[in-house]
Amino acid sequence: MYIKRNYGFWMTFNWSKKPFILGLIYSLLIYGASHLIDFHIYIPWQPISILGIAVAFYLGFKNNSSYDRTWEARKIYGGIVNSSRSFGAAIVAFVKGAKSDEVKKELIYRHVAWLTALRYQLRLSRPWEHKEDRLTSKYAPTVCEAYNKSLDQEMEGFLSPEEIQGLEGKTNMATQIMKNQSQRLQELRGQEYFEDFRHMELHQLIVSFYTDQGKAERIKNFPFPRQYASTALWLTLLFSLFVPLGLLDIAKSANGWIYWICPVLSALIIWVFFLMEKIGDYSENPFEGTYNDVPITSISRGIEIDLREMIEDKDIPAAIQDENGFLL
């Protein structure tokens, strides 16, 4: 996630320059043919402008819907932050017994392991995501040995070797970790580390974690409907094909540099529409592992710091710093 005030113009242009370059080449071919071989096929600008208005409305709908997915993902992780703090405070306040400090640490660490497994799972690639733009140095692009090895290494500091071994081969590790947490809470209730009422309060927090995990998985595993995404792309392309022909209608009576400025204007119009389409396209998948993601790694680290400070743990890691204006 980019956290500086604005993307620079050249950063934006470099990210989206392909439509401008192709639009400029296409426009120059149209205008060059018109100038050299007396090619006078053009379309009145009025119907093209109406088409442009329709495309702009459609792109606005798509971008709003895409933004809703990103904002919902951020709200989900905001809920995880709040519930995690409540869980940590409850553990510190509720757990009493001979080995209460060890038990508190075990429960807090298992929760951090759940956060770790969840963010790894949410960053696995899907066929509809922009795999070519993933930060492959940070996130494994597919389910592979590197993914499992990296996840196991991170969880080694939070779970026992026996528990990690029991998670191997599981389809959804985050779900299994939370199941282990629930079972452990039941065991501790049997050992009278807390009474029934407090056990039920802790179980309700487990329910909230499962709820938020399911919401995040819904966004991850259900793409923005392909009919809407595809229609936006093809309508933008269709409009772009007509733009130079429409401006040719305006430029046909012009001479000199005014005539040749129209291909540049055509390319700019094409670029603006494709830029709008691309912004919506990259907002559809807030967990795909690109710079436009919801920064779930940074959020998870913040939760870890809060919980470990509650139990006065040692060697607490620092908050993740931005890398050139980006949070991961």
Original post:
Can you name the condition, by its number, that Arg85 falls short on among (1) surrounded by fewer than 16 Cβ atoms within 10 Å (Cβ to Cβ); (2) more than 24 Å from Arg301 (Cβ to Cβ)?
Top reply: (2)
Original post:
Among the residues of the stretch 2-14, which ones are under 20 Å from Pro286 (Cβ atoms) and open to solvent by 90 Å² or more (accessible area, probe 1.4 Å)?
Top reply: Lys4, Tyr7
**OP:** Run Gly157 past the list (1) buried (at least 17 other Cβ atoms within 10 Å of the Cβ); (2) under 19 Å from Gly88 (Cβ atoms); (3) not charged (D, E, K, R) and report the number of the one that doesn't hold.
**Re:** (1)
**OP:** Could you check Leu235 against (1) open to solvent by 30 Å² or more (accessible area, probe 1.4 Å); (2) over 25 Å from Glu129 (Cα atoms) and say which number it fails?
**Re:** (2)
Subject >> Failed item in (1) crowded, with 20+ Cβ neighbours inside 10 Å; (2) under 14 Å from the mean Cα position of the chain (by Cα); (3) hydrophobic (A, V, I, L, M, F, W, C); (4) outside any loop (DSSP other than H, G, I, E, B), with Val294 passing the rest >> reply: (4)
Original post:
Mind checking which pairs have a first residue in the stretch 179-199 that is at positive phi and a second that is crowded, with 17+ Cβ neighbours inside 10 Å and modelled with pLDDT under 95, Cβ under 6 Å, 6 or more apart or different chains?
Top reply: none
**OP:** Answer yes or no as to whether Ile80 is in contact with a Lys or Arg (Cβ under 7 Å, 6 or more places away or on another chain) and aliphatic (A, V, I, L, M).
**Re:** no
Original post:
Can you find even one residue in the stretch 57-71 that is part of a helix (DSSP H, G or I) and either at pLDDT below 90 or farther than 30 Å from Gln227 by Cβ (or both)?
Top reply: no
Original post:
Pick from the stretch 48-68 the residues that are open to solvent by 70 Å² or more (accessible area, probe 1.4 Å) and out of contact with any helix residue (DSSP H, G or I) (no Cβ under 7 Å at 6 or more places or on another chain): which of them is nearest to Asp249 (Cα to Cα)?
Top reply: Ile50
**OP:** Mind counting the residues in the stretch 194-240 that are in contact with a Phe, Trp or Tyr (Cβ under 6 Å, 6 or more places away or on another chain), more than 24 Å from Asn82 (Cβ to Cβ) and not in a helix (DSSP H, G or I)?
**Re:** 1
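The values are calculated or read from the model by the stated rules, or taken from the named source; none is laboratory data. Quantities reported herein were computed from a predicted structural model and do not represent experimental measurements. Heads up, the Cβs are rebuilt from the backbone with ideal geometry, glycines too, and the neighbour counts pull from every protein chain shown. In case anyone asks, the SASA skips ligands and DNA or RNA and just uses the protein heavy atoms, side chains included. Shrake-Rupley method; radii C 1.70, N 1.55, O 1.52, S 1.80 Å.
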